[in-house]
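What follows is a single structure, written as structure tokens, with notes after it.
Every number in this text was worked out from the coordinates using simple rules, so none of it is lab data. Bear in mind that the values here come from a model prediction, so they are computed numbers and not experimental data.
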Amino acid sequence: MKKPGPLLFIDILTLFPRMLEAPLSEGLLGKARERGLVQIQIHDLRAWVEDPRKRVDDRPFGGGAGMVLRAEPIHRALKSLGVGRRLRKPWVIYLSPQGKQLSQPLARSLLKKKRIVLLCGHYEGVDERIMDWVDQEVSIGDVVLMGGEIPAMALTEAVARLVPGVVGDPESILHDSFSESSLDYPCYTRPRLWKGRPVPDVLLSGNHRSIEQWRQKTAQEVTRLKRRDLLTSRKTVPK
């Protein structure tokens, strides 16, 4: 019987491959890669530079501080990964502070793409002309980082953990924070009494209906206290 192939393919274009390889090879994600559920390839953008000095950036036209990633090596890299072909064209994402903020609904929508290319920006960003080959910009929040590697890791894990089989207990994914536009309910484990604080009686009752009602109620209370904005955005769906 033929073994099924990966359910998700992710290629990451970066100037710093070593920054990504170790974190993406650990924990459940590392096991998912070993089992062939997820294929993640990390590419050094310098491999597509013809300049003997391997320069991927240059000064911006018009002057100003910083450097800009050149369009040509990025274009070569994207073409080699299948961008521009008709069949099985990958979905190209540029990690940018100007993009749509990463969220659980957005992660679920990206899982449907099957093949994703992540472009990690650096310096002052990329030559604007390369954006003709970018399908989507994604940000991890209203903050500017030194590069797109950390956002790429966050996006990769957020999407990959939704692949069936990556997380051992699929039930845990159903109750994740943000899965239903609310935060998760509080969790407790042994011992029953710790530093004078007991576990809520309902969790020890064995009454599954009462436990589920308690969890739904406390999840709403936690959301109202910490992220009231989520309660007003239940119908928000990423495009």
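Structure values in brief
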| quantity | calculated |
| --- | --- |
| Placed amide H near residue 123: partners under 5 Å, 5+ positions off or other chain | none |
| Whole-Hz ³J(HN,Hα) from phi, Karplus 6.51 cos²θ - 1.76 cosθ + 1.60, for the range 146-159, glycine and proline x | 7, x, x, 5, 5, x, 5, 5, 4, 5, 4, 5, 4, 7 |
| Helix-only [θ]222 nm of the chain, DSSP H runs n ≥ 4, -39500 (n - 2.57) each, per residue, nearest 500 | -8500 deg cm²/dmol |
| At 1.567 mPa s and 4 °C, Stokes D of the range 175-231 from Kirkwood alpha-carbon radius, µm² per second | 105 |
| Volume per residue that the Cα convex hull of the range 14-56 spans, once the total is divided by residue count, Å³ | 66 |
| Reference-scaled alpha-carbon Rg (2.2 N^0.38 Å with N residues) for the chain | 1.22 |
| For residue 137, residues with placed amide H under 5 Å, excluding near neighbours | 94, 100 |
| Residues with amide H under 5 Å from that of residue 91, placed H, sequence gap 5 or more | 115, 116, 117 |
| For the range 185-195, Karplus couplings with θ = phi - 60° (6.51, -1.76, 1.60), whole Hz, Gly/Pro x | 6, x, 10, 9, 9, 5, x, 5, 10, 9, 6 |
| Members of 54/79; 113/226; 31/54; 54/112 lying beyond 29 Å, as alpha-carbon distances in this model show | 113/226; 31/54; 54/112 |
| Cα-based radius of gyration of the range 41-183 once divided by 2.2 N^0.38 Å, which approximates compact folds | 1.16 |
| The range 120-128 - phi-based ³J(HN,Hα) in whole Hz, Karplus 6.51/-1.76/1.60, Gly and Pro as x | 8, x, 7, 6, 8, x, 10, 4, 4 |
